[in-house]
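Let me begin by presenting the structure, written as structure tokens, before commenting on it.
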Amino acid sequence: MFKIIKLFSIVFFCFWSFACSQKNPPAKPSRPLPVKFEAATRTNLEQYFETVAELKAYREINVAAERAGQVSNILVKEGNSVREGQALVKIKGDDVNAELIKAQENYKAFKKLYDEEAISRTEFLVYETALRHAEASYGNLLIRAISSGIVGKIAVDPGDFVRIGDPILELIKIHPLRVSYNIPEKLIPYINLGMELDLSSDLDKNISTKAHVDFISPSVSPETKSVLVRASLNTNTDLLKPNQYIRIKQKIKDKNNVIAVKEEAIYLDQGQEYVFIAEPSNEKDLYTAIKKPVETGLRKDGLVELTNGVNDGELVIYAGLYSIYEGAKLSRVD
């Protein structure tokens, strides 16, 4: 019986202690909380989209054999600059030479007969067509550049036998270089043809140039929900090469005369953004904390646009928020 009474007493004492603690919550600190704040001011803000992308040659051409035969001569070297129409490689073709000579002789003989009206136009066309075919075959012995550019990798050596379509060499047109990148679909309204990009390199601080958007994909990627954008460089430099990575910086929004505060001033509570305002009190050099919900916009260089919730000139707290609460007394520190 004594043990039961003792247990009951202990439980009653714990309950009584808990009830007393609820009736008398800890007092909030009486000392002013040290904080830093500054007036919300109006400024101009720009928002940029930044990413890393790969430079590409304007055009990469895989030059292939146009007829079967043995490589006779390679007329260029890797790295050479070539012009459109310049001969690159010659394919040996003794049979083609003989075919061309025979076709020329036949054409000359039957042209004379046609002029003398000894044969019909239809008969003459057979030999004229044969000559054109032989000339085309002879022309295919010389593989020519279809565009100006730089000779890349050469895939054959003199003496190699090639079939129609076999790779001969790479021809790279690097002027102007192009850069391809993707933007999130939410930024589509802010991207237009002709927009300027700033290009720079993390590896070489001397690399800095500009490009202009010349292609925006008409469709959104279903996998990434992004849009492909391409831009051409204004000027090429020897420091930039195809397949090199480059950093892109593109302005997408520009707002003037907006209220902005330090990014550290934004306080997130249950999904809502807030700031604390330092309201001057009746006591000298003291302030009162006022919690205000806000809506934010652009962010740049540590500043955040406030589209709603704060008036121009209000004192927004940006340091000392760890222990702050609504109604707290505040003192300003430098």
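A few remarks follow.
- Each of Leu330, Gly271, Ile317 was placed along the dipole of the range 267-334 (beta-carbon charges, centred on the mean Cα), and the one lying farthest toward the positive end is Leu330.
- Low-density loop positions, trypsin sites (Lys or Arg not before Pro), the range 214-267 - DSSP coil, at most 15 other Cβ in 10 Å: Lys225
- Seen from Lys225, the other residues with C-beta closer than 12 Å to its C-beta sum to a net charge of -1, counting Lys and Arg as +1 and Asp and Glu as -1.
- Segment Lys284-Val333, extension gain: residue separation times 0.36 nm, minus the distance between their alpha carbons: 16.2 nm
- Coil-residue GluC sites (Glu not before Pro) of the range 247-313, DSSP, other Cβ within 10 Å capped at 15: Glu283
- Each Lys or Arg adds one and each Asp or Glu subtracts one; over the other residues with Cβ under 13 Å from the Cβ of Asp204, this totals +1.
Coordinate-derived values only; no laboratory data. Keep in mind that this is a model prediction, so the values were computed, not measured. So basically every Cβ, Gly included, is an ideal-geometry build from the backbone, and we count neighbours across all protein chains shown.
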